[in-house]
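*Asks:* Could you have a look at this structure, given as structure tokens, before my questions?
The values are calculated or read from the model by the stated rules, or taken from the named source; none is laboratory data. Since this is a predicted model, take the numbers as computed values, not measurements. As a convention, Cβ positions derive from the backbone with ideal geometry for all residues, glycine included, and neighbour counts pool all protein chains shown.
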Amino acid sequence: MRDPLFEPIMINQLKVENRFYMPAMHMNMAVDFEVTDRLVSFYAERARGGAGMIVVGYATVDELSGNTQNIGAHKDQFIPGLARLASAIKDNGARSAVQINHAGRYNSSFFLNGQQPVAPSAIASRMTRETPRALTIEEIKTVVESFAQAALRVKRAGFDAVEILSGTGYLISEFLSPLTNQRDDDYGGDLQNRMRFGIEVMQAIRHHVGDDFPVIVRMNGNDFMPKGQGRIELQAYARALVEQAGVDALCINVGWHEARVPQIITAVPRGVFAYLARGIKEQVSVPVIASHRINDPLTAREMIGDGMCDMVAMGRSLIADPYLPEKARTGRDDEIIHCIACAQGCFDNLFKLKAVECLCNPRAGREEETRAIPAKTPKKVMVVGGGAAGMSASVAAAERGHAVTLYEQSDRLGGQLMLAGAPPGREEFLTLAHDLQKQVAISPVTVRLKQTVDEAVIEAERPDAVIVATGAVPTTPPIPGADLPHVVQAWDVLQNKAHVGQRVVIVGGGAVGVEVALFLAEKGTLTGDAVKFLLVNRAESPETLYELAVKGTKQIVMIEMLDAIGKDIGRSTKWCMFQDLERSGIKRLTVTKAIEITAKGIRIEGPQGTQELVADTIVMAAGARSLNTLSGLLEKKGIACLTVGDAKQVAQAIDAIHQGFKAGQEV
């Protein structure tokens, strides 16, 4: 039976061997605009993994278009580095392209040595909180030419195609949108005028690169901005790009960076934005590429097979597993490490001006330095604890040739990933647990479930080295009444091991507190299937269905001693979780301390003084402490020992997996 993912496709005169399209992503791996060895190794690995086409970038078109961590395409001096990157991709079997872009008002004077960013109109950016300078007509013509010259450099460097970013709230989309374009000349006003800049950019690029060089545009299918551009205007723009500017393919992006519709996080359903690609595919005659939250071959196959798109853009999916396409081609879908859209290593790192990493893949961005080196003397290695850190350590140690046995006291591997995947919209953490379990299963690692490791076991096994990954246990703060029967632990709630009444107070406003609040807020709401059934049959109005979908049956109050909720949640995820807290009507009290738990509820002290909250259930989400009873024993016995994950220090899943991997490589 044919697999639509592995049918070749033509973009202009360029033949792409399969339908996997790796879109450009900010990697923060360039230095002073120059391509680095790290960037070359990263993309070479994705090419070896079987992607049909890889787009790097974005790359700058002039001095105001980006920052020094972007790839440079605005001067000839950057061509040799670009050529090296093109060769690395093409020599390893993939087609190559560069995305060029101008950030416009999304740039910051911080990155421009104090210079003011530019835009179609002087309208402040909510991203940077700066007001850009409006471009003059003469400057617009110069920027158009800069795009064209950058595209020509891409071609001269040996890339197979060029992609232009015309979405996401950057300069071209700023001209397109009435929100950011309030000009009264030929570049502002009605849609035809607002499209003019983008069309002129594409026409100039076509003129410089010639008729046979593929020109691809990445554009929004919907900008998800109130009073911005929806599907209809953007479909008209798509038609104009093809009919007036001769564009060869369209990659459909969604949303601006400041849009309040989630686009990249784990709560976004897989492939949910395919309908936007479909809407544009029905309007144009060139290949259309769908994107966002496509992290598995099954979703991708269905999208292409159902006529929603012609190719699928997988970006973070190929960060998580560069060999996803090859595994799909060879029938090993179940061995794929799926991107779980946590954003902890990719987007959250960008805010820290750090290079992109990956929670799921400790090798991402460190491809050369993390290649497994066979151990000179294979050892007998015990790994104690079958959570994220323990599984990661086991596989890494086994890759080096060690004889590894993984011990887990419960009846399954997964650890706290099973808790992380319990709240609504966080199910992808369960996928990660399954993926790591599969990696252990296909490795030489021996697994011992329902096995507690103590001194007797260690003496019987006589290991050469032990990796301690025993995790953490929840803490109960010393609050009077904490031992009352209506007090339960958040971990037990998330595992459905504890009954929770209608009126709930959650003690602790960190990540676990937020997750258990959202978990409980979902109780009594309509499921997605129920909403569709009632909507299609017009049983209730859309407004009523909305309320029934977001308002559950629990009355929930969170209390937090600090001045803010969710301080330990990543920036990419936090804003969306806060939207959910708000929608669900969850009350949040900060700078508030629990004084005493009573039979009727809980006494608290905060900015409003002392009061008692009536509650049926008090949920403790006050943190965790490391569980490690082995390290001291192993040291006394003179057995080499490495401690990783929460057993070392309570932190995030990315820390656990990376520490486990590092220990496995070093043991």
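*Asks:* Has region 80-92 got at least one residue that is surrounded by 24 or more Cβ atoms within 10 Å (Cβ to Cβ), touching a residue at least 60 places away in the same chain (Cβ under 8 Å) and of a type in the set (Lys, Arg)?
*Replies:* No: region 80-92 contains no residue that is surrounded by 24 or more Cβ atoms within 10 Å (Cβ to Cβ), touching a residue at least 60 places away in the same chain (Cβ under 8 Å) and of a type in the set (Lys, Arg).
*Asks:* Test each condition in (1) touching a residue at least 24 places away in the same chain (Cβ under 8 Å); (2) among the aliphatic types (A, V, I, L, M); (3) part of a loop (DSSP other than H, G, I, E, B) for Ala539 and report the one that comes out false.
*Replies:* (1)
*Asks:* Further question on the same structure: Can you tell me which residues in region 332-352 are farther than 27 Å from Phe111 by Cβ and not aliphatic (A, V, I, L, M)?
*Replies:* Passing the criteria: Arg332, Asp333, Asp334, Glu335, His338, Cys339.
*Asks:* Then there's this: Answer yes if at least one residue in region 157-178 is surrounded by fewer than 21 Cβ atoms within 10 Å (Cβ to Cβ) and either among the acidic types (Asp, Glu) or at pLDDT below 95 (or both), and no otherwise.
*Replies:* no
*Asks:* Is it fair to say Ile232 is within 16 Å of the chain's Cα centre (by Cα) and at pLDDT 95 or above?
*Replies:* The answer is no for Ile232.
*Asks:* Go through region 443-478 and give me each residue that's buried (at least 20 other Cβ atoms within 10 Å of the Cβ) and among the polar types (S, T, N, Q).
*Replies:* Scanning region 443-478 gives a single hit, Thr470.
*Asks:* Follow-up question, since we're still on this one. Somewhere in region 632-640, is a residue part of a strand (DSSP E or B) and outside the structural domain of Val493 (by TED's automatic domain parsing)?
*Replies:* Yes, region 632-640 contains a residue that is part of a strand (DSSP E or B) and outside the structural domain of Val493 (by TED's automatic domain parsing).
*Asks:* Output the number of residues of region 67-117 satisfying the condition of being modelled with pLDDT under 95 and small (Gly, Ala, Ser).
*Replies:* 3
*Asks:* Of the conditions (1) surrounded by 13 or more Cβ atoms within 10 Å (Cβ to Cβ); (2) under 30 Å from Cys346 (Cα atoms), Val591 fails just one. Which one is it?
*Replies:* With (1) surrounded by 13 or more Cβ atoms within 10 Å (Cβ to Cβ); (2) under 30 Å from Cys346 (Cα atoms) applied to Val591, the lone miss is (2).
*Asks:* Checking Glu605 against (1) acidic (Asp, Glu); (2) outside any strand (DSSP E or B); (3) in the same structural domain as Met577 (by TED's automatic domain parsing), only one condition comes out false. Which one?
*Replies:* Condition not satisfied by Glu605: (2).
*Asks:* Could you identify the single residue in Val154, Val162 that is closer than 18 Å to Glu200 by Cα and assigned by TED's automatic domain parsing to the domain that holds Ala238?
*Replies:* Every option except Val162 fails the conditions.
*Asks:* Where residues in region 350-371 are of a type outside the set (A, V, I, L, M) and under 11 Å from the mean Cα position of the chain (by Cα), which of them is nearest to Asp435 (Cα to Cα)?
*Replies:* Cys360
Condition check ((1) touching a Lys or Arg at 6+ places or on another chain (Cβ under 8 Å); (2) outside the structural domain of Ala97 (by TED's automatic domain parsing); (3) closer than 25 Å to Glu258 by Cβ) across all residues:
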position	(1), (2), (3)
Ala119	yes, no, yes
Ala122	yes, no, yes
Arg126	no, no, yes
Leu135	no, no, yes
Glu138	no, no, no
Glu145	no, no, no
Ala148	no, no, no
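*Asks:* Can you pull out the residues in region 349-384 that are more than 26 Å from Gly570 (Cα to Cα) and of a type in the set (Asp, Glu)?
*Replies:* The answer is Glu368, Glu369.
*Asks:* Going through Thr617, Thr643 one at a time, which residue ends up being among the hydroxyl-bearing types (Ser, Thr, Tyr) and assigned by TED's automatic domain parsing to the domain that holds Val466?
*Replies:* Thr643 is the lone residue from the list that is among the hydroxyl-bearing types (Ser, Thr, Tyr) and assigned by TED's automatic domain parsing to the domain that holds Val466.
*Asks:* Residues of region 167-199 being touching a residue at least 60 places away in the same chain (Cβ under 8 Å) and either in a helix (DSSP H, G or I) or within 23 Å of Gln263 (Cβ to Cβ) (or both), which ones?
*Replies:* Within region 167-199, Gly167, Thr168, Gly169, Tyr170, Leu171, Ile172, Ser173, Glu174, Leu176, Thr180, Asn181, Phe197 qualify.
*Asks:* Among what's in region 68-126 and is part of a loop (DSSP other than H, G, I, E, B) and of a type in the set (Lys, Arg), pick the residue that is farthest from Ile54 (Cα to Cα).
*Replies:* Residue satisfying both the conditions and the ranking: Arg126.
*Asks:* I'm trying to understand the selection: among the residues of region 1-36, which are more than 24 Å from the chain's Cα centre (by Cα) and outside any loop (DSSP other than H, G, I, E, B)?
*Replies:* Those that are more than 24 Å from the chain's Cα centre (by Cα) and outside any loop (DSSP other than H, G, I, E, B): Pro4, Phe6, Ile9, Met10, Ile11, Leu14, Lys15, Val16, Glu34.
*Asks:* When Val312 is evaluated against the numbered criteria (1) surrounded by fewer than 24 Cβ atoms within 10 Å (Cβ to Cβ); (2) outside any helix (DSSP H, G or I), which criterion, by number, is the only one it fails?
*Replies:* Of the numbered conditions (1) surrounded by fewer than 24 Cβ atoms within 10 Å (Cβ to Cβ); (2) outside any helix (DSSP H, G or I), the odd one out for Val312 is (1).
*Asks:* Let me ask another. Are any residues in region 255-287 part of a loop (DSSP other than H, G, I, E, B), under 21 Å from His338 (Cα atoms) and of a type in the set (A, V, I, L, M, F, W, C), and if so, which ones?
*Replies:* Matches in region 255-287: Ile264, Ile265, Ala267, Val268, Val272, Phe273.
*Asks:* Among (1) on the phi > 0 side of the Ramachandran plot; (2) buried (at least 24 other Cβ atoms within 10 Å of the Cβ), which single condition is Phe224 missing?
*Replies:* The one condition Phe224 does not meet is (2).
*Asks:* Would a scan of region 606-615 turn up a residue that is touching a helix residue (DSSP H, G or I) at 6+ places or on another chain (Cβ under 9 Å), in contact (Cβ under 8 Å) with a residue 24 or more places away in the chain, under 22 Å from Val512 (Cβ atoms) and of a type outside the set (A, V, I, L, M, F, W, C)?
*Replies:* Looking through region 606-615, none of the residues is touching a helix residue (DSSP H, G or I) at 6+ places or on another chain (Cβ under 9 Å), in contact (Cβ under 8 Å) with a residue 24 or more places away in the chain, under 22 Å from Val512 (Cβ atoms) and of a type outside the set (A, V, I, L, M, F, W, C).
*Asks:* For region 492-504, check the following and say yes or no: at least one residue is surrounded by fewer than 21 Cβ atoms within 10 Å (Cβ to Cβ), assigned by TED's automatic domain parsing to the domain that holds Ala388, more than 25 Å from Lys662 (Cα to Cα) and charged (D, E, K, R).
*Replies:* No, region 492-504 contains no residue that is surrounded by fewer than 21 Cβ atoms within 10 Å (Cβ to Cβ), assigned by TED's automatic domain parsing to the domain that holds Ala388, more than 25 Å from Lys662 (Cα to Cα) and charged (D, E, K, R).
*Asks:* Another question about this same structure. Output the number of residues of region 42-79 satisfying the condition of being surrounded by fewer than 22 Cβ atoms within 10 Å (Cβ to Cβ), in contact with a helix residue (DSSP H, G or I) (Cβ under 6 Å, 6 or more places away or on another chain) and farther than 24 Å from Leu350 by Cβ.
*Replies:* Within region 42-79, residues that are surrounded by fewer than 22 Cβ atoms within 10 Å (Cβ to Cβ), in contact with a helix residue (DSSP H, G or I) (Cβ under 6 Å, 6 or more places away or on another chain) and farther than 24 Å from Leu350 by Cβ number 1.
*Asks:* Going through region 179-212 one residue at a time, which ones are of a type in the set (S, T, N, Q) and surrounded by 15 or more Cβ atoms within 10 Å (Cβ to Cβ)?
*Replies:* Residues satisfying the conditions are Thr180, Asn181, Asn193, Gln203.
*Asks:* A follow-up question, please. Out of all the residues in region 336-375, which are surrounded by fewer than 17 Cβ atoms within 10 Å (Cβ to Cβ) and not in a loop (DSSP other than H, G, I, E, B)?
*Replies:* Phe351, the sole residue that qualifies.
*Asks:* OK, next. Does Gly481 satisfy being out of contact with any Gly (no Cβ under 7 Å at 6 or more places or on another chain), at pLDDT 95 or above, surrounded by fewer than 20 Cβ atoms within 10 Å (Cβ to Cβ) and at positive phi?
*Replies:* Against the criterion (out of contact with any Gly (no Cβ under 7 Å at 6 or more places or on another chain), at pLDDT 95 or above, surrounded by fewer than 20 Cβ atoms within 10 Å (Cβ to Cβ) and at positive phi), Gly481 qualifies.
*Asks:* Restricting to region 37-55, count the residues that are aliphatic (A, V, I, L, M) and either in a helix (DSSP H, G or I) or farther than 30 Å from Gly307 by Cα (or both).
*Replies:* 4
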